[in-house]
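Below: the structure, in structure tokens.
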Amino acid sequence: MAAQTNPHSRALVLFSGGQDSATCLAWALQRFHHVETIGFDYGQRHRVELECRSHFRTRLIETEAFAPWRTRLHGDHLVDLSVFGAISDTAMTRDIQIETLANGLPNTFVPGRNLLFLTVAAALAYRRNLQVLVAGMCETDFSGYPDCRDDTVKALQVALNLGMDRRFVIETPLMWLDKAQTWQLAYTLGGPLLVDLVRRETHTCYLGERNTLHDWGYGCGECPSCALRKQGYTAFVTGLS
């Protein structure tokens, strides 16, 4: 688990408590000597993910197999963006049925969410002297969210660098991976122990269901996020056999 050489040694990971961002956190710990995390309370329906954030970080530090990462993992920052949730009439911020809208997007899309998250993260990184922002946006397995596209992230990187007069780098290690490959990445980074930690201690279910532990993790098993996670895990396990 030796850190790879990288000219940018300080990173801030956008860590929601979900599978993707947890994998990104491990990816960052493998590469950077100083890693901090940031999360956002935006009034999300599945706010149980906020509890998973601290549980995952604690387990990561306590697990002896990940000892080389302990000295690299530093502060965590939880930012209150509840006002954003108050103006977002979506299935992620309201107790309404998940469905596809007339524009072809699911109503789980929260307009501007990732744009705001990256902007706030950059503002914190500016103060903390962190050069790299690591985020779990993905254009391979996504629901058409326009703020998850590679072009969007690249454009925002340019805007942030111009607006703050800094040279931030936004890394999106999952951008071209499907969910099976994301599970595989976790396996490559930390073996079965990391896969099991992601399976048990992260949360992606849109409904916030954590009563049942499936092979692929906790969740309702029916929402689009659970279906994608289950499908990816099944393909990953099949590939190992």
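Where a number appears in this text, it was derived from the coordinates with a stated rule and is not lab data. Computed from a predicted structure; not experimentally measured. When we count neighbours, we look across all protein chains shown, and the Cβ atoms used for this are built from the backbone with ideal geometry, even at glycine.
What does the charge add up to near THR234, with Lys and Arg as +1, Asp and Glu as -1, over the other residues with Cβ less than 11 Å from its Cβ?
That sum, taken over residues with Cβ under 11 Å, equals +2.
Between ARG200 and THR212, what is the label-to-label distance in nm when each label sits 7 Å out along the Cα-to-Cβ direction?
My value for the distance between the label points is 2.1 nm.
Where in the chain is the longest stretch that carries no GluC sites (Glu not before Pro) classed as loop by DSSP and with at most 16 other Cβ atoms within 10 Å?
100-221
7 Å from Cα along Cα→Cβ at both THR238 and ALA155: what's the point-to-point distance in nm?
3.6
Let me know the charge dipole size of the chain about its Cα centre in debye, to the nearest 20, where only the beta-carbon of Lys, Arg (+1) and Asp, Glu (-1) is charged.
600
Sum up the charges of everything whose Cβ sits under 10 Å from the Cβ of CYS138, counting Lys and Arg as +1 and Asp and Glu as -1, but leave CYS138 out.
With Lys, Arg at +1 and Asp, Glu at -1, the neighbours total -3.
Please report the antiparallel percentage of the DSSP beta bridges confined to the chain, to the nearest 5.
The antiparallel fraction comes to roughly 15 percent.
How charged is the neighbourhood of GLY17? Take every other residue with its Cβ under 9 Å from the Cβ of GLY17, and add Lys/Arg as +1 and Asp/Glu as -1.
-2
Okay, helix-only estimate at 222 nm for the chain: each DSSP H run of n ≥ 4 adds -39500 (n - 2.57), divide by all residues, round to 500 deg cm²/dmol; what do you get?
Calculated from helices alone, the mean residue ellipticity at 222 nm is -14500 deg cm²/dmol.
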